Each structure stands twice: as C-alpha cells, then as structure tokens.
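Okay, so here's the structure we're looking at.
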Ligand code: PXL
C-alpha cells in the first residue's frame, strides 16, 4: 500500500490550458505530486485574450476545498486567481483555522493581457487577511507595487525589490518572493535580466535569472507557485523549494521558446517534452 503526496490548488480555470488550475495540475504532476483543485472562477480565454470571467460563489469555493481536505490530506496548498475579495476572505478564514498546510499565496491581480482577475476589495483582503497566513508569497513586480502602494518604475532595482518584499513580509508572510520577470517593464531596458528576490528569516537572497527570449510565457507565475507548493508538499524547505521551482520554470520556458501554439502568449513546456526530443506535430 502506498499513498501519493497530495497538493491542492485553489485557482481559476484557463480554457487555454496554459495558466490557472490547468498549469497547477500539470506542474504538480511533473513533480510526481497528486493534484487536487478548488475552482474560484472559470475564464473564457486563449493565448490572445481573456474574453470572460464567471466567479463562483465563495461558499462553493469553500465547499470544494473542504471536500478535498476531508478526504485527501494535502501536504501543501497554493492559491492563484481568487476573483473576489469575498473569496480571498473565505480562504483566509480556513487558513486562520490552520486548515491550509504550507500555504503558498500567488496574489494574482491582473492577467498578463491586462484583464483584472480580482475585484478592488481583493487587494486589501490579500494584505490584511490572506498574506498573514502564507508560508510563501510570490508577487510579481506589478503585484508587489500595487500591494505596497508603489509605482512599478520604483521597483526597478534589486534593492527596491528587497524593500518591497520586507514590507510585505511584515504583514506576516514567512517568505516573500518578489519575481523579477517584469524588470524590463520597470526599468525600460529590453534585455534586463530577471532575478527574483527572496526575503525570509535570514539575509535576503537574490536568485539570478536570465531572460528567455520568447513570447510563450503564459502561466509562468501560476507554474512557479505550484512548483513551490509541490516541493513543499514533498518536504523540501522553503528556500530550496523556491530555488528548485525557479529552475523548473526556466526549463519549461526554454523548452517551449519555439513552440507555435496560439497567436499570442503561448504556454510553457510543463513536462519537458522538448527536452525528450523531437517534434510531435503530425506531418502535413
Ligand atoms: O497568470 C495569472 C492567471 C491566473 N489564473 C488564471 C489566469 C491567469 C492569467 O491569465 O487566466 C485562470
């Protein structure tokens, strides 16, 4: 008899399969972790745009989470798109009661195509209710700017990123990762590298990252936080879990750099298909 390691994703559905719950379940599987999920919302979207969002009732989000918790014993939980302040608050109540182990909060505010993925009340709810219960939080630069009341351009250096991470950590989060993937937007330099800044108990750590030249970057944030949760579920300590997750996403980005899937921001190579060689598209 054996029991697989289980993780839970609380996030939105991406019909394009590259982000949201679909990215999370693929990432969990790539880590050999059994994935479960509670949907917060359903989006109609492809690689070009989000065409519509239907948020589910917070009570029904909680019903899904409780159904999983009562039967599966997940070792780690991640949140992605939560859609409304009411759902952020409902998830936070479970976290406060200690029911969401090794909680990774990806404070998803806006899609890369510019569509809002949480209502206005959600921003404050993240700050005051949910982030205080997170073991790890993974804001990108834009999210860190909004959550700390800064402008994106004010986060163009690693020093400024560390300051923002410290401020967020003061809310109660164990370890804050401010992701540098948007540094080229903050600094106005095309070839800017994309280091992430990690602020936990000890000295701040800068994880270097080379920018992968590709349009296929949809779902990188979702996949990073899911990979962190998978590694935590496997018993790996936070900083090592974050480092390994960054490596996983870098490989998945590099693998899909030349994929042609959709006309916009395509998905990443979650399973390392490309590294295993070859073009699997049918011959014309
Ligand atoms: O990348 C943030 C994100 C999270 N969740 C869902 C999304 C997106 C971005 O498009 O669609 C469902």
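Each reported figure results from applying straightforward, stated rules to the coordinates on display, with no laboratory input. The shown structure was predicted, so the numbers you read here are calculated from the model rather than taken from an experiment. With ideal geometry, Cβ positions are generated from the backbone for all residues, glycine too; neighbour counts draw on all protein chains shown.
Pop a pseudo-label 7 angstrom from the Cα along the beta-carbon direction at both residue 203 and residue 51 and give the gap in nm to one decimal.
Rounded to a tenth, the inter-label distance reads 5.3 nm.
When you take every Cα atom in segment 126-284, what is the radius of gyration, and what is Dmax, the widest Cα pair distance, in Å?
Computed over the Cα atoms of segment 126-284, radius of gyration and Dmax are 16.4, 57 Å.
Can you tell me the FRET efficiency between residue 166 and residue 2 if r is taken as the Cβ-Cβ distance and R0 is 45 Å, rounded to the nearest 0.05?
Working: r = 42 Å, r/R0 = 0.93.
E(calc), rounded to 0.05, equals 0.60.
Using alpha carbons only, what's the Rg to Rh ratio of the chain with Rh from Kirkwood? If you can, show how the numbers build up before the last one.
Values: Rg = 17.6 Å, Rh = 18.6 Å.
When Rh is taken as the Kirkwood radius, the ratio is 0.94.
Once fully extended, how much extra length lies between residue 151 and residue 72, figured as 0.36 nm per residue of separation less the alpha-carbon to alpha-carbon distance? It would help to have the intermediate numbers written out before the result.
Working: separation 79, 0.36 × 79 = 28.44 nm, distance 4.18 nm.
Length difference between fully extended and current span is 24.3 nm.
Shape of segment 161-241 from its Cα gyration tensor (a ≥ b ≥ c, root eigenvalues): rounded if a/c is under 1.5, otherwise prolate when a/b > b/c, or oblate? The partial results should precede the final answer.
Working: a/c = 2.19, a/b = 1.30, b/c = 1.68.
It comes out oblate by the Cα gyration axes.
So what is the calculated 222 nm ellipticity per residue for the chain, using -39500 (n - 2.57) for each DSSP H run with n of 4 or more, over all residues, to the nearest 500 deg cm²/dmol? Don't jump to the answer; show the numbers that get you there.
Values: 9 runs with 101 residues, N = 284.
-11000 deg cm²/dmol, from helical runs alone.
D for segment 81-170, whole µm²/s, Stokes-Einstein with Kirkwood Rh over alpha-carbon pairs at 25 °C and 0.890 mPa s: what number? Numbers along the way, then the final one.
Working: Rh = 13.4 Å.
So the translational diffusion coefficient is about 184 µm²/s.
After finding the eigenvalues of the alpha carbon gyration tensor for segment 1-102, what semi-axes result from the square roots of 5 times each, listed largest first in whole Å? Present the calculation step by step, with values, prior to reporting the outcome.
Working: eigenvalues 101, 68, 17 Å².
The answer is 22, 18, 9 Å, longest axis first.
Jot down the per residue volume, in cubic angstrom and as a whole number, of the convex hull over the alpha-carbon atoms of segment 4-54.
Spread over its residues, the Cα hull of segment 4-54 gives 48 Å³ apiece.
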